[in-house]
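The values are calculated or read from the model by the stated rules, or taken from the named source; none is laboratory data. As the structure is a computational prediction, the values presented were derived from the model and not from experiment. Cβ placement follows ideal geometry from the backbone for every residue including glycine, while neighbour counts extend to all protein chains displayed. Heads up: the accessible areas ignore ligands, DNA and RNA and are worked out on the full protein's heavy atoms, side chains in. Shrake-Rupley method; radii C 1.70, N 1.55, O 1.52, S 1.80 Å.
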Amino acid sequence: MVSARFVVLTIVSAIFSSTQTLSAIAQSKPISPTVSKSQTVQPPDSLNPSPNPLDLPTSPEQVRSQQAQPITLQQAIALARKNNRDLQIARQTLQRSQAALRQVQAAQLPTLNTQAEIANERTARETLDDLKYLNEKSSPANVLSGTIEVGYDIFTAGRRPARIRSAQELVRFNRLDVQRLNEQTRLDVTNTYYDLQETDEQVRIAQAAVTNARRSLQDAISLEEGGLGTGFDVVRARVQLGNAEQELIDAQSQQDIARRRLVELLSLSETVDVSAADPVRQAGRWSLSLEDSILLAYKNRVELQQQLAQRRIAQQQRRIALADVRPQVSLFANYQILDDFNDEFSLKDGYAAGARLRWNFFDAGAARFGAAQEDANRAIAETRFAQTRNQIRFQVEQAYKNLQANARSIQTAAAALQQAQEGLEIARVRFQGGAGTQLDVIAAENDLTRADVNRLNAILNYNRALATLQRAVSNLSKSKSTNSSE
């Protein structure tokens, strides 16, 4: 029996020694995604939400907004990268896929299991034999048994490496998804910040319109008192002031909504309110040609790499499906003990060692149809690659054209604003001198408001187009395609 134990231990040692390198592979950590760190001023910690994701306020004080805290666009982006829920879910999904990879890598190592049992047993056959042969009723047996076994799959018809490669591609896909959401979050935060800037400027323009309307009303009243104006001019000036005040109320409401929208996107604390600290100005310029921008987008966009990863996953899943009808070979070695407490013999042991072959010769075509599904998944990934490539080109072209158009609009709108300001002053002087009418002043005020709004829209639309173009190209930290005006 000593020689039997020696044989079993030799087989076990051989299995473990042949898989030492595989153990190192299985315990290795997948590469974590890298996110470029821009040199920006970090926002204060007071803006961050509660670390408990299940926190639910229960009193009005816990949800009452405090005074708005100004933040810059770069601070808003930094907060979003830290707090945005979609990004957090993407990172957690990546961690899950990394754990799944380690799980399938564990199949490269042998398995070790044991089983022990203590039983008081009497079989039905023994009872029947006692009755049949008129024997005395035998006592139940008190049995101790145990087994320890080591097993290792030496040939899986490609199933094991295919599962590992499939899991590696899924990790790669999820890592790319973190990068994709990081870029998309930057664009979403940038556009939302520009929306807040727009509402701030709309409030400023509306306040200026109210100031101008009050001045016009005062001029109309003074002229009426001096006998140079009419009551109709005063009434018309009051209507103009009422309309301007209503537009100011609407602009302030939209400003409050824009602030809360940014807070929600940044996942800030319940009591936090924010305002835009950056002034409205042209964000920068784009130095690449349209053709270079398209090629850079093809190179950088992770959505294309994701479709290639999906294609490789389908290829590995096809191998896994076909492995079901191919031979599987495994080694095993076990050691057993057995003792019946009721007999006069002591504890006895034994062993078994060998190889197992499993081959499913017929499965009614299940494996073949499973492989056909993965062939279809591979074709879908290839089609989506082409579709995504076309979408990327359109996004770059659209943003590039919008950028050029709004760059020209900024110059035109700035000149129109200056002319509208001069026109309002002339209309007031003419009205005060009796050469003009109140209607001329009101029209000049409306022209000034419209010119101011047009200039605001031209700048912000330019900035939005630039942010969209940066998103369409992506990975701008690795390329110097923009020059900021900050």
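Residues in the stretch 360-371 that are in a helix (DSSP H, G or I) and open to solvent by 50 Å² or more (accessible area, probe 1.4 Å): 3 in all. Between R455, R428, the distinction of being among the basic types (K, R), in a helix (DSSP H, G or I) and modelled with pLDDT of 85 or more belongs to R455 only. Every condition in (1) modelled with pLDDT under 90; (2) surrounded by 15 or more Cβ atoms within 10 Å (Cβ to Cβ); (3) among the hydrophobic types (A, V, I, L, M, F, W, C) is met by F385 except one, and the failing one is (1).
Condition check for D278 on (1) among the acidic types (D, E); (2) in a loop (DSSP other than H, G, I, E, B); (3) open to solvent by 60 Å² or more (accessible area, probe 1.4 Å): one failure, at (3).
Listed by first and then second residue, the pairs with beta-carbon distance under 6 Å, at least 6 apart or on different chains, first residue in the stretch 342-356 and more than 24 Å from E149 (Cβ to Cβ) and of a type in the set (S, T, N, Q), second surrounded by 13 or more Cβ atoms within 10 Å (Cβ to Cβ) and modelled with pLDDT of 90 or more, form an empty list. Is it fair to say L403 is under 24 Å from P279 (Cβ atoms), within 32 Å of the chain's Cα centre (by Cα) and surrounded by 15 or more Cβ atoms within 10 Å (Cβ to Cβ)? Yes.
Hey, could you check the stretch 129-152 for residues that are surrounded by 15 or more Cβ atoms within 10 Å (Cβ to Cβ) and modelled with pLDDT of 85 or more and say which is nearest to A107 (Cα to Cα)? Result: Y152. Just one residue in the set Q310, Q306 is over 29 Å from N113 (Cβ atoms), part of a helix (DSSP H, G or I) and touching a Leu at 6+ places or on another chain (Cβ under 6 Å); that residue is Q306.
Of all the numbered requirements in (1) farther than 24 Å from Q66 by Cβ; (2) open to solvent by less than 20 Å² (accessible area, probe 1.4 Å), E247 misses one, and that requirement is (2).
Go through the stretch 316-358 and give me each residue that's open to solvent by 60 Å² or more (accessible area, probe 1.4 Å) and within 30 Å of L181 (Cβ to Cβ). If the condition is that a residue be open to solvent by 60 Å² or more (accessible area, probe 1.4 Å) and within 30 Å of L181 (Cβ to Cβ), then Q317, R318 are the ones that fit. Among the residues of the stretch 64-123, those that are open to solvent by 60 Å² or more (accessible area, probe 1.4 Å), closer than 30 Å to I148 by Cβ and in a strand (DSSP E or B) comprise T111, L112, N113, T114, Q115, A116, E117, I118, N120, E121. Selection of the stretch 406-435 for residues being open to solvent by less than 90 Å² (accessible area, probe 1.4 Å) and touching a residue at least 40 places away in the same chain (Cβ under 8 Å) yields N406, A407, S409, I410, A413, A414, L424, R428, F431, Q432, G434.
For the stretch 260-274, name all the residues that are at pLDDT 90 or above, surrounded by fewer than 20 Cβ atoms within 10 Å (Cβ to Cβ) and in contact with a helix residue (DSSP H, G or I) (Cβ under 8 Å, 6 or more places away or on another chain). The one that is at pLDDT 90 or above, surrounded by fewer than 20 Cβ atoms within 10 Å (Cβ to Cβ) and in contact with a helix residue (DSSP H, G or I) (Cβ under 8 Å, 6 or more places away or on another chain): R261. Among the candidates A309, A355, A277, the residue that is aliphatic (A, V, I, L, M), in contact with an Asp or Glu (Cβ under 7 Å, 6 or more places away or on another chain) and at pLDDT 90 or above is uniquely A309. Selection of the stretch 153-172 for residues being aliphatic (A, V, I, L, M), open to solvent by 20 Å² or more (accessible area, probe 1.4 Å) and part of a helix (DSSP H, G or I) yields only L170.
Condition test on R450, is it basic (K, R), surrounded by 18 or more Cβ atoms within 10 Å (Cβ to Cβ) and either under 20 Å from Q411 (Cβ atoms) or at pLDDT below 90 (or both)? In short, no.
Residue check: is Q438 touching a residue at least 40 places away in the same chain (Cβ under 8 Å), in contact with a helix residue (DSSP H, G or I) (Cβ under 8 Å, 6 or more places away or on another chain), under 15 Å from N212 (Cβ atoms) and not hydrophobic (A, V, I, L, M, F, W, C)?
yes
Among the conditions (1) touching a residue at least 12 places away in the same chain (Cβ under 8 Å); (2) closer than 28 Å to G433 by Cβ; (3) open to solvent by 30 Å² or more (accessible area, probe 1.4 Å), the only one that D177 does not satisfy is (2).
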